[in-house]
Each structure stands twice: as C-alpha cells, then as structure tokens.
Amino acid sequence: MATGEHGGHGALAEVNPDDLPQGAVVTTSGRVSRAEVFREPSKADQPFSPVQLSRLDEALTMASRETGLRFSVYLGDLGGKPDERAAELHGRLPGSAEAVLVAVDPEHRVVDVVTGPEARLRLPDRGAKLAVMSMVASFRESDLVGGLLSGLRMLADQAGGRARTQ
C-alpha cells in the first residue's frame, strides 16, 4: 500500500500504532503517513550534469530550428527488440511524421535513429548511419554527451535547412 492511501472505499481498517514502522503515524483521517529518509540521487539516476543537459537541450533546439524537423533523444533500456521499441517511442512523438529520434541504450550498446516519413525524405539512411558511426566512436571513449552532440549536428547538417516558402 502506498503512503497516504487506504484500501477500498468507506471505513478505514483499524491500524495498531505499535505495528507501524518508525517515522509512521496514523493521521486524524485514519490514513497512515510515513516519513522517508532523503537519498541523494546516484550517478546512475542522473547520467548528465545540469551543464550537459543544457548543452543537449540547446543542440536539440538548434537542430529542430535549423531544419524544421523535430529532433528528440531517448536514453535508456530499449529491451530485447531495440528496433521495435525505438519505433514505438518514435510513434509516440508529437508530429512523428517529421520527427527524428536518436535512441541510445548504453547498457546494451545499441544506437538507433528513427525517422518519420517526412523526415526520411530529407534525412536518408546513409546520412543517419554516418551520424551513428560518429556517435559510437565517441561512446567508445566514454563521451556520451559529446557523441550525442556531434550526432545531432551531423543529422541536422544532413537534413539541410528548413524548407523555404514563397
């Protein structure tokens, strides 16, 4: 049972205060409230520093602004079928037809670039493969942020500038 919740509707079950763990109390409404010790997030929970996140955000913004395509990065577990998972994540993006997703699973050493049908017209597979090769080279040197930044730059360069309307 989660903190602050009770099972079912209506009357709450009688709770013996002696059975509660340290830091827990029964409130006047009859719910159990429990304090938890603050735990500093580990590096595994926070793969990027605030400065690195700012640089990634800027790179994503610039790539999207320059090309008119929607660039996104996913960093995490892609499961046993990474291509399918990356395609599923891409499909959830707003405007997925003109979206480009860079999906990276560092633990399983998988990098995938998924493009929507409109984005694929401007960013052919060959251009995406070159960007992936560049990212992988940086990842091998334990430079996750540098690899993502150079990959985004290469993908944006391959896609070219925003289409001009007259």
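Details
- Residue selected from segment 49-88 under the condition free of Cβ contacts under 8 Å to residues at least 12 places away in the same chain and among the polar types (S, T, N, Q), by the criterion surrounded by the most Cβ atoms within 10 Å (Cβ to Cβ): S64
- V26 touching a helix residue (DSSP H, G or I) at 6+ places or on another chain (Cβ under 8 Å), at pLDDT 95 or above and open to solvent by less than 70 Å² (accessible area, probe 1.4 Å): no
- Looking only at segment 131-140, residues that are over 17 Å from E107 (Cβ atoms) and either β-branched (V, I, T) or loosely packed, with under 15 Cβ neighbours inside 10 Å (or both) come to 3 in all.
- Residues that are outside any loop (DSSP other than H, G, I, E, B) and of a type in the set (K, R), drawn from segment 107-166: R120, R122, R126, K129, R140, R153
- Residues of segment 141-161 satisfying the condition of being surrounded by 13 or more Cβ atoms within 10 Å (Cβ to Cβ) and at pLDDT below 90: G160
- Residue within segment 122-137 that is of a type in the set (V, I, T), free of Cβ contacts under 8 Å to residues at least 60 places away in the same chain and under 20 Å from G161 (Cβ atoms) present: no
- Number of positions in segment 89-108 that are under 26 Å from D45 (Cα atoms), open to solvent by 20 Å² or more (accessible area, probe 1.4 Å) and touching a helix residue (DSSP H, G or I) at 6+ places or on another chain (Cβ under 8 Å): 2
The values are calculated or read from the model by the stated rules, or taken from the named source; none is laboratory data. Computed from a predicted model, the values in this text were never measured in an experiment. Heads up, the Cβs are rebuilt from the backbone with ideal geometry, glycines too, and the neighbour counts pull from every protein chain shown. Quick note on the areas: whole protein, heavy atoms, side chains included, nothing else; ligands and nucleic acids left out. Shrake-Rupley method; radii C 1.70, N 1.55, O 1.52, S 1.80 Å.
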